[in-house]
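Report on the structure given below.
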Amino acid sequence: MSESSGSNGLTYADAGVDIDAGNELVNRIKPLVKATSRPGADSDIGGFGGLFDLKGAGFEDPVLVAANDGVGTKLKIAIETGQHRTVGIDLVAMCVNDLVVQGAEPLFFLDYFATGALDLTTATDVVAGIADGCKLAGAALIGGETAEMPGMYVEGDYDLAGFSVGAVERGAILPRKDLAAGDVLLGLASSGVHSNGYSMVRKIVDLSGLTWSDAAPFTEGKTIGEALMEPTRIYVKPLLAALKAGSGIKALAHITGGGLPENLPRVLPDATSARIDLTQIAVPDVFGWLARTGGVAEKEMLRTFNCGIGMVIVAAADEAENVARVLTEQGETVSRIGQIEAAGDAPVLFDGSLGLGT
């Protein structure tokens with residue numbers, strides 16, 4: 001006897017996957033994706049893969065650079081507060097800031113959005129943020145994947161991953177080999193916590209007894225949730241402008257998880273150390289509040305958070321002033337925070353103290 005295909009027939013929707021919702025999401029995000037178009041990419045979506053024309057982007061002898069990352073537990077705050085628009089900027093920033101430290105121009109970006117049950121409003125907000133980040137970075141959003149996986153995520157939860165590819169002319173790859181003692185360290189101000197250390201952030205907020213909707217003690221006019229969702233600063237366009245303006249930049253370091261002590265050594269030659277004057281760093285109030293409320297020691301703050309410096313530039317001493325001028329003209333807040341010297345007791349040496357108010 002043949003089985004009936006009537007009312008008892010099982011559908012994919014019965015199993016928790018809504019194909020129609022997925023198709024509707026593609027329709028909603030098409031104009032967002034189109035808005036990120038750049039030379040080399042037409043930013044159409046719907047095919048099996050995204051295309052990019054390096055020749056059309058103007059490169060002669062390019063080396064490709066790839067990076068991928070996520071947003072971490074900052075997503076928990078987005079989910080718990082319903083603020084989904086800015087985590088897409090964070091996602092892009094964590095990838096493209098890693099590309100530009102190699103001297104590379106971000107070319108294109110792809111995203112992965114995974115959830116238990118697709119909420120069209122949430123997903124559209126997230127992708128809109130990704131498109132915002134791509135425009136800030138000059139990268140084309142050429143594709144992505146939306147995975148609806150019932151049973152893998154509780155209701156309302158989702159996860160993100162981002163993938164980006166950039167290119168740099170072969171002779172312009174960073175760090176340069178002539179980095180040496182006497183070079184100057186310039187710091188670019190962060191926009192806040194960025195996207196690292198949020199497991200500690202969430203623990204401290206819990207210890208404080210405050211909720212995401214309470215007024216932020218460290219930022220006037222915002223709730224704690226709003227203040228802590230400030231997106232990661234994207235440094236790509238200002239740094240590319242500075243690289244094109246002269247030859248003063250020898251290396252760049254994106255200050256993410258591990259802070260200055262873990263990230264700066266990644267670009268230093270073995271025979272050198274970086275000496276940093278902590279008194280020259282303008283520390284955003286959020287870090288002082290986190291340190292005081294959580295009883296977090298300065299050393300732990302430095303190895304967990306950016307503490308106010310989102311990017312470090314190693315510049316030739318005789319060109320540091322010009323590099324700083326170009327970056328300031330591009331809207332960055334630049335501080336001279338130290339110098340490179342012969343290898344000392346540690347790869348990164350600190351003088352003075354952070355202004356944490358503890």
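The values are calculated or read from the model by the stated rules, or taken from the named source; none is laboratory data. These numbers were taken from a predicted model, which means no experiment stands behind them. In this analysis, Cβ positions are derived from the backbone assuming ideal geometry, glycine residues included, and neighbour counts consider all displayed protein chains. Note: areas computed on protein heavy atoms with side chains; ligands, DNA, RNA excluded. Shrake-Rupley method; radii C 1.70, N 1.55, O 1.52, S 1.80 Å.
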Pro284 vs (1) of a type outside the set (Lys, Arg); (2) modelled with pLDDT of 95 or more; (3) surrounded by fewer than 15 Cβ atoms within 10 Å (Cβ to Cβ): all pass except (3)
With criteria (1) at pLDDT 95 or above; (2) crowded, with 24+ Cβ neighbours inside 10 Å, Asp98 comes up short on (2)
Which numbered condition trips up Phe163, out of (1) at pLDDT 95 or above; (2) surrounded by 19 or more Cβ atoms within 10 Å (Cβ to Cβ)?
(2)
Look at region 252-284 and say how many of its residues are more than 30 Å from Ile79 (Cβ to Cβ), in a helix (DSSP H, G or I) and either within 14 Å of the chain's Cα centre (by Cα) or not aliphatic (A, V, I, L, M) (or both).
5
Quick check: is even one residue across region 345-358 in contact (Cβ under 8 Å) with a residue 60 or more places away in the chain, surrounded by 14 or more Cβ atoms within 10 Å (Cβ to Cβ) and within 18 Å of Ser247 (Cα to Cα)?
no
Tell me whether region 50-61 contains one or more residues that are at pLDDT below 85 and not aliphatic (A, V, I, L, M).
yes
Just to be sure before I move on: is Asp14 among the acidic types (Asp, Glu), open to solvent by 50 Å² or more (accessible area, probe 1.4 Å) and at pLDDT 80 or above in the structure I sent?
no
Residues of region 187-208 classified as open to solvent by less than 60 Å² (accessible area, probe 1.4 Å) and over 17 Å from Val283 (Cβ atoms), total:
4
What about Val71, is it more than 30 Å from Glu169 (Cβ to Cβ), of a type in the set (A, V, I, L, M, F, W, C), open to solvent by less than 50 Å² (accessible area, probe 1.4 Å) and modelled with pLDDT of 95 or more?
yes
Working only within region 40-50, note down all residues that are outside any strand (DSSP E or B) and surrounded by 14 or more Cβ atoms within 10 Å (Cβ to Cβ).
Gly40, Asp42, Ser43, Asp44, Ile45, Gly50
Which of the numbered conditions does Ala215 fail, given that it passes all the others? Conditions: (1) more than 26 Å from Ala137 (Cβ to Cβ); (2) buried (at least 16 other Cβ atoms within 10 Å of the Cβ).
(2)
Among the residues of region 252-279, how many are in contact with a strand residue (DSSP E or B) (Cβ under 8 Å, 6 or more places away or on another chain), open to solvent by less than 40 Å² (accessible area, probe 1.4 Å) and polar (S, T, N, Q)?
3
Of all residues in region 17-39 being at pLDDT below 80 and outside any helix (DSSP H, G or I), which is nearest to Leu120 (Cα to Cα)?
Asp18
Cβ-Cβ under 6 Å pairs, at least 6 apart or on other chains, region 111-129 side buried (at least 22 other Cβ atoms within 10 Å of the Cβ), far side among the basic types (Lys, Arg):
Gly129/Arg85
Options Val314, Val326, Val296, Val286: the member that is in contact with a strand residue (DSSP E or B) (Cβ under 8 Å, 6 or more places away or on another chain) and hydrophobic (A, V, I, L, M, F, W, C):
Val314
If I ask for residues that are in contact with a Ser or Thr (Cβ under 9 Å, 6 or more places away or on another chain) and of a type in the set (Ser, Thr, Tyr), which ones from region 97-140 would you list?
Tyr112, Thr115, Thr122
Checked region 293-342 for anything part of a loop (DSSP other than H, G, I, E, B), in contact (Cβ under 8 Å) with a residue 24 or more places away in the chain and open to solvent by 60 Å² or more (accessible area, probe 1.4 Å); matches are Gln330, Thr333
